[in-house]
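The structure appears below as structure tokens.
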Amino acid sequence: MFPPLPISASSRRRFLAQAGGGMGALALATLLSDSARSAPAPNPQPLTPSRVKRVIWLFMHGGPSHVDLLDPKPDLIKLAGKPLPESFGPVMTRRKVAQNPLLGPIKPFQKRGESGLEVSDFLPHLAECADDLCVIRSLHGDSVNHPQSVYQMNTGSILMGRPSVGSWVAYGLSSENRDLPAFVVLPDPGGGVKGGPPAWGSGYLPATFQGVTMRPGDSPILHLKPQPGISKQQQRNTLDLVQQLNRQHLASHDDDDGELAARIASYELAFRMQSAAPELVDLRDESAETERLYGMDDKGTREFGQRCLLARRMIERGVRFVQVYSGDTNGWDAHNDVLTNHTQLCRRTDLPAAGLLRDLKRRGLWDDTLVIWGGEFGRMPMSEQGKGRDHNPWGYSVFLAGGAVRGGFAHGSTDSVGLRAAENKVPIRDFHATLLELLGLDHTSLSFFHNGLEERLTGPGEARVVKEVMV
């Protein structure tokens, strides 16, 4: 049993200023005295009534085309092949607009389910779940470039180095399972996202809250297993000695050493995960019927289906926030040919995503789980290279699903050709405020003191919770 970490005067003042007093201090003391086997306590935050406990974010990296998937535009059909009307204002030089006429929807939209929500034929399986989908058709961001847009969608800022949404959730709520991290990322095995790991980094939050990348198989995290011939007790003894020396070093410094404290906690979490993580990623106890539900019996859908199934297993075991990335370095970036690109990506992801929604329902996880589907931006209504589309951050779609949001519902709209958000606009900061609200976190109170400022996911300006999408 290790003694509690001594708290210096400066760190005590900082903690009391952030935590608001005695109850937080008692909670912290309890956690620190618990053999140092839990991650550092998150900053206690004022909670609102929570509608969900956990989030699975299916991140379609590269920018799926909203006007071809979730945002039907009859006028785009009528105007296909013509230049963008001057009434839409400046987008690029008029010469380039003339060279890039409007491109009609690649596949038709149909009214689906009892709600009549329109979904493209690109997504036949998700279309069958239309009455469960809450589509936000008026999301908009600030950058036309992939890395900056990936950062903004994940962290609220186009600049690298800010904490991701998952890190904020881990900081505010922690994991429900002491042997697993609160925030897990399942990257696409074909390659990394544009912008890289800072998309799921913890920024200025303690490093404990960054996303932990995992993969299927016997080694879900590289270098997690001990070397052959090293018993668990030998490893425990070695870790105890290292932790004791680390704590002595930490105690000798008046200034709060957040990196060392995070490393101490990470060592302990890694030790516990050696037994928890292999069981988590071992799918042999799943039925053949469940595997078919996720498309694991088909070569084209197996890989993404396996990661969607892992996401369900993770939230079932107490992980708070799971991101599942679809798309390698280029992904849904359909500059040359939307039909070819989106046919391939929808083929891989549509059935597994629909299977995830159905599985959450039948396992009793639907009511308190939020699923997000979407990318860093959408795509232009104008053509590029004849059959492709360029990036469009000014108006695009994502969908939410789960018991806390309105199913068979579309909120907001883009203009008549899908170029810009037009009605009930949802800037990314409002989207983030809404996610936190659904989790019971007040976005104005979830903060971290950094460089003299109380930093927030939604930034210093105003953000609005989009109540219209909630049940």
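The values are calculated or read from the model by the stated rules, or taken from the named source; none is laboratory data. All values derive from a computational prediction rather than experimental measurement. Backbone-built Cβ (ideal geometry, glycine too); neighbour counts: all protein chains shown.
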- Filter region 112-130 for residues that are assigned to a strand (DSSP E or B) and of a type outside the set (D, E); the one that is farthest from the chain's Cα centre (by Cα) is R112
- Which number in (1) over 15 Å from the mean Cα position of the chain (by Cα); (2) on the phi < 0 side of the Ramachandran plot marks the one condition that N451 misses? (2)
- Item | Any chance R389 is in contact with a helix residue (DSSP H, G or I) (Cβ under 8 Å, 6 or more places away or on another chain), closer than 27 Å to G195 by Cβ, of a type in the set (K, R) and crowded, with 22+ Cβ neighbours inside 10 Å | yes
- Message: Going residue by residue through region 187-196, is there one that turns out to be within 30 Å of G300 (Cα to Cα), part of a strand (DSSP E or B), at pLDDT below 95 and not basic (K, R)?
- Response: no
- Can we say A27 is modelled with pLDDT under 95, surrounded by 15 or more Cβ atoms within 10 Å (Cβ to Cβ) and of a type outside the set (S, T, N, Q)? no
- Among the numbered criteria (1) part of a loop (DSSP other than H, G, I, E, B); (2) out of contact with any Lys or Arg (no Cβ under 8 Å at 6 or more places or on another chain); (3) not β-branched (V, I, T), which single criterion is violated by Q148? (1)
- Message: Among the numbered criteria (1) assigned to a strand (DSSP E or B); (2) over 15 Å from G378 (Cα atoms); (3) more than 11 Å from the chain's Cα centre (by Cα), which one does L139 miss?
- Response: (2)
- Which residue pairs have Cβ atoms under 6 Å apart, sit 6 or more places apart or on different chains, and have a first residue in region 152-163 that is at positive phi and of a type outside the set (S, T, N, Q) and a second that is assigned to a loop (DSSP other than H, G, I, E, B) and surrounded by 24 or more Cβ atoms within 10 Å (Cβ to Cβ)? G156/L457
- Note on the structure: Residue hits (region 279-306; part of a helix (DSSP H, G or I) and crowded, with 24+ Cβ neighbours inside 10 Å) are F304, G305
